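The values are calculated or read from the model by the stated rules, or taken from the named source; none is laboratory data. These numbers were taken from a predicted model, which means no experiment stands behind them. In this analysis, Cβ positions are derived from the backbone assuming ideal geometry, glycine residues included, and neighbour counts consider all displayed protein chains. Accessible surface is based on the protein model in full, side chains and every heavy atom, while ligands, DNA and RNA are left aside. Shrake-Rupley method; radii C 1.70, N 1.55, O 1.52, S 1.80 Å.
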Amino acid sequence: MDAFYASVALRERPDLLDQPVVVGGRGRGVVLAANYVARRYGVHSALPMSRVRRLCPRVVVLEPDYATFITVSASVMETFREVTPVVEVLSLDEAFLDVRGSTRRLGSPVEIAERVRSTIHDEQGITCSVGVARTISVAKVASRRAKPDGVIVVPPSEVTSFLHPLDVGDLYGVGEKTRALLHRSGLRTVKDVAHTPLDALQRQVGVHLGRHLHDLAWGTDRDELNASTGTREPERSMGADETFGRDTDDREVIVRELLRLSARVAGRMRAAGVVGRTITLKVRFSDFTTIARARTVPEATDVTVEIHRTATRLFDALGLRHQRLRLVGVRVERLVPRCTVHRQLALGEPDPGWTEADRAVDRATRRFGSAAVRPASLVVGRP
DNA sequence: TCTGGGGTCCTAGGACCC
DNA sequence: TCTGGGGTCCTAGGACCC
């Protein structure tokens, strides 16, 4: 989708179509999506909101409405699945489709692309762009260059002439750091990378990345999709983090925030039916340096208080003294389906323990909303 | 009052085991 | 002429994606 969040938000506000519009958070947030009018001012996603107002004082800021984004996304994915069952979902607004088995029924890839685009336009009132190619990274680069509201087809015979003039930073998977590293080595275009001997490239950037860059530069990367037809791949980790409204060194505030985050993560884990053993605490200081500390516990868990206890211990083990924090986060890794582990009963553990309490909270939350039941320390205005 | 929040994958080093 | 060698698990950090 083109400028997905902004396009969806603007469906409700057609009066703003000619105005620079961004969807973004308040306070210390960043731009989640900018419409193409705003982009003319140099506004783009991930830009701090404070800079957006300086670049474009008359910008209109809309709040994200995730419930609607998710609904629109589901409809869009449904449209994709009418084309082919082989769909690899990348994010809410983007997917790879393997249309090799659909051409008899629906026509050439370009015809399929235009059909999908017009369906989404008619049904959802937003535009999207499509790249057509034999491998995912070439398709991805093509779709970026097709934006907004376009289609680019790169036939196999034209892959190198399409890719080679591009900057290495245009490759899918090459970000700011890798681009700078390659530029420092004199490799500026995709062609430069393609014509560097593989072993020389691997000495520069490591074996794996070197191999990967070479494949990207010749357009010979992956061409089979990870499309579990229908069901999604289970998540490998789940986490939550939050930037404070202002930096803090107050242990009580921090530990309380860790509880909020632990409850959020554990609730999502229980809803997904997964448990995990490795709990990671993330801390970002005022100067933006960020560290993470992890601990693997003997028993996989989805229990709020257990995750919170581990996170708090990890925090205390940092031994911070009056260092102000900008952000804290909690993540649980190495997730496995809950049904694959059986919980070891500890001696002395009460039978209806925290697990049962969490289940009860989940039931209350489902019926009455997330504000219904909370740890007492998270109740605003408590005595 | 610069710099969100959700993820994935890779690397590197140390502990530990056979 | 001394410190094998391979594998797994764990932790920390970093790059990248949307």
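Some points to look at:
- Region A:67-232 - percent of accessible surface contributed by carbon and sulfur, probe 1.4 Å: 51
- Solvent-accessible area of A:T189 with every protein chain in place, 1.4 Å probe, in Å² to the nearest 10: 40
- In order along region A:60-74, the Karplus-derived 3J(HN,Hα) couplings, from 6.51 cos²θ - 1.76 cosθ + 1.60 at θ = phi - 60°, round to 9, 9, 10, 6, x, 10, 5, 4, 5, 4, 5, 5, 5, 4, 4 Hz, and Gly and Pro are given as x.
- Rounded to whole Hz, the Karplus (6.51, -1.76, 1.60) HN-Hα couplings of region A:153-169, x for glycine and proline: 10, 10, x, x, 6, 10, 4, 5, 5, 6, 7, 4, x, 6, 5, 4, x
- Relative contact order (%) - criterion: Cα under 8 Å, at least six apart; region: chain A: 11
- Computed lengthening from A:S75 to A:R145, 0.36 nm per intervening residue step minus Cα-Cα distance: 22.7 nm
- Solvent-accessible area per residue for chain A (1.4 angstrom probe, square angstrom): 56
- Under a 5 Å amide H cut-off, with hydrogens placed 1.01 Å from N, A:L166 pairs with A:V190, A:K191 among residues at least 5 apart or on other chains.
- Folded to 0 to 90 degrees: helix A:109-124 orientation relative to chain A principal axis, Cα: 50
- Of the trypsin sites (Lys or Arg not before Pro) in region A:166-236, those whose Cβ has at most 11 other Cβ within 10 Å and which sit in DSSP loop: A:R232, A:R236
- Multiplying the residue separation of A:H208 and A:T220 by 0.36 nm and removing their Cα-Cα distance gives an extension gain of 2.8 nm.
- Residues of type aspartates and glutamates that A:K282 reaches as a straight line, Cα spacing below 20 Å, ignoring anything fewer than 8 places off in the same chain: A:E235, A:D241, A:E242, A:D247, A:D249, A:D250, A:E252, A:E257, A:D302, A:E306, A:D316, A:E333
- Within region A:249-267: backbone nitrogen closer than 17 Å to the A:H322 label point (7 Å, Cα to C-beta): A:249-252
- Surrounding net charge for A:G329, when Lys and Arg each add one and Asp and Glu each subtract one, Cβ distance under 13 Å: +3
- For A:K147, a cut-off of 30 angstrom between C-alpha atoms picks up these lysines, skipping any fewer than 8 places away in its own chain: A:K177, A:K191.
- Applying the Karplus relation 6.51 cos²θ - 1.76 cosθ + 1.60 with θ = phi - 60° to region A:316-323 yields 3J(HN,Hα) values of 4, 5, 5, x, 6, 10, 6, 8 Hz, where x marks Gly and Pro.
- Length released on extending from A:D167 to A:E63, taking residue separation times 0.36 nm less the Cα-Cα span: 34.0 nm
- Percent RCO, i.e. relative contact order, over region A:62-190, from Cα pairs under 8 Å lying at least 6 residues apart: 14
- For A:L62, net neighbour charge (Lys/Arg +1, Asp/Glu -1) across residues whose Cβ lies under 13 Å away: -1
- Accessible surface of region A:4-64, 1.4 Å probe, proportion on carbon and sulfur as whole %: 51
- Heavy-atom accessible surface of region A:237-378: percent carbon and sulfur, 1.4 Å: 51
- Applying 1/(1 + (r/R0)^6) with R0 = 41 Å to the Cβ-Cβ distance of A:Q19 and A:R115 gives a FRET efficiency near 0.85.
- Net +/- balance of residues flanking A:D2 in space, Cβ distance below 14 Å, scoring K and R +1, D and E -1: +3
- Over region A:67-232, the alpha carbon radius of gyration divided by the compact-protein estimate 2.2 N^0.38 Å works out to 1.12.
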